[in-house]
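Structure first, then comments.
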Amino acid sequence: MKGASLRDPLEIRGLRIEGRIAAAPIATASADHDGGPTPRSLEIYGRVARSGVDLVVVEHHAVCRKGRARVAQFRLDSDSMTEANRPMADLFLAEGCPALVQINHAGSQIRDEALLAEKYPISAPSEVKHPSCPLPIRPRAMESAEISSTVESFAAAARRAVSAGYRGVQVHACHGYLLSQFLSPLTNARRDGYGGRIRDRARLLFEVVEAVRPALGNEGILSVRLGLSDSLPKDPPEGLSLEEGLWVARELGRLGIDHLDVSGNLCGYDAPGEGYFGDWARAAREAVGRVPVTCTGGIRKLETARDLVESGACDIVGIGRGLQKDPDLVRKWKEIL
Ligand SMILES: Cc1cc2nc3c(=O)[nH]c(=O)nc-3n(C[C@H](O)[C@H](O)[C@H](O)COP(=O)(O)O)c2cc1C
């Protein structure tokens, strides 16, 4: 597919993005106990808003209390959180920097032992221990009523996100969290309509997308961050295959998502080398047709970012840890572009 320059503007659902460099979502564990921003959150995201990036995806916000990965995680689980999150969204509006917010349910991938003290039952597709979660959690298989209420929680969180002032949401369906657990045969052993073949393992994600779309209104952008496979590009295949992941991407394109960000599923987001998800992004871009695709992961050099966009592997590059280390990185790149 055709490439572009890092300086070329792009339109996503009527929103003009001035260039092709995005800030990837990076969880800061900076929220207060209710899931709202603290002065530290506002300081961190103020820097991101001023960093010169063309688009920001703000870190994962839990769609419900039992869908948290950490105590200090942001939440969009009640209408009071709409107001609480407005100062965050305002930071981006003030800088003219388009921002989406990521919405998530952690399922059985709890990152923080302190959550276990709250003693609520932890839900997952099946009673399978999460392969990459070190905590001793034996989750409970979600019943169909809980599946429906989870879909509603995603839709309600999306509605709150646009009311708070964000331009849209990114549904988190990678890195081993709930939607990712449903996609993977390693964590999903269900025998009902949500398990088995890939079209059934992807059903919850499709239902979430279909419920979130109307909740965003006409202008709200619906992005999905999809884990394309359970094994990293150079590793032996296991679990969710790349072929299955690309099928899901194609279906998401048909369902009318506005943007796709690709990453790893149960294998997570990290791998050796530069721009390690480049080939996956290229394949996903072909699969989703006209939907713009972001490639994130190990993009440390300007040349890597440029090659990925110019060669047509992706429309946008996402930078995570590089911007954490050097908040001026993108400004410096743009001076020599
Ligand atoms: C501390 C940390 C927190 C992260 N939090 C999130 C998150 O909230 N949502 C998400 O989708 N990815 C998250 N990621 C993954 C990043 O978005 C990104 O995919 C990863 O860091 C690889 O890109 P990079 O090499 O540019 O850092 C996180 C990564 C790190 C290191």
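The values are calculated or read from the model by the stated rules, or taken from the named source; none is laboratory data. In this text the structure is predicted, and so the values were computed from the model without any measurement. Every residue, glycine as well, gets a Cβ built from its backbone with ideal geometry; the counts of neighbours run over all protein chains shown. In case anyone asks, the SASA skips ligands and DNA or RNA and just uses the protein heavy atoms, side chains included. Shrake-Rupley method; radii C 1.70, N 1.55, O 1.52, S 1.80 Å.
At 1.306 mPa s and 10 °C, plugging the Kirkwood radius over alpha-carbon pairs of the chain into Stokes-Einstein gives what diffusion coefficient in µm²/s?
Numbers: Rh = 19.6 Å.
Value of D from the Cα-based Kirkwood radius: 81 µm²/s.
Restricting region 125-227 to GluC sites (Glu not before Pro) that sit in a DSSP loop and have at most 12 other Cβ atoms within 10 Å of their own Cβ leaves Glu127, Glu143, Glu219.
If you wrap region 1-160's Cα atoms in a convex hull and average its projection over all directions, what's the area in nm²? Spell out each step's value before the answer.
On the way: hull surface 45.7 nm².
The orientation-averaged projected area of the Cα hull of region 1-160 comes to 11.4 nm².
Under a 1.4 Å probe, what is the accessible area of region 10-336 per residue, stated in Å²? Mind dumping the intermediate values first?
Values: 13050 Å² over 327 residues.
Accessible area per residue, region 10-336: 40 Å².
Between Glu146 and Ala114, the distance separating the two model label sites (each 7 Å from Cα on the Cα→Cβ line) works out to 2.4 nm. Checking Cβ-Cβ separations below 4.7 Å across the chain identifies Cys64, Cys97, Cys133, Cys174, Cys267 as cysteines lacking any candidate disulfide partner. Treating the beta-carbon of each Lys and Arg as +1 and of each Asp and Glu as -1, no other charges, what is the dipole magnitude of the chain about its Cα centre, to the nearest 20 debye? It comes to approximately 60 debye.
Computed from backbone phi with θ = phi - 60° and the Karplus coefficients 6.51, -1.76 and 1.60, the 3J(HN,Hα) list for region 209-218 is 4, 5, 7, 6, 3, x, 5, 8, x, 5 Hz; x is used for glycine and proline. For the chain, with all protein chains in place and a probe radius of 1.4 Å, 49% of the accessible heavy-atom surface sits on carbon or sulfur.
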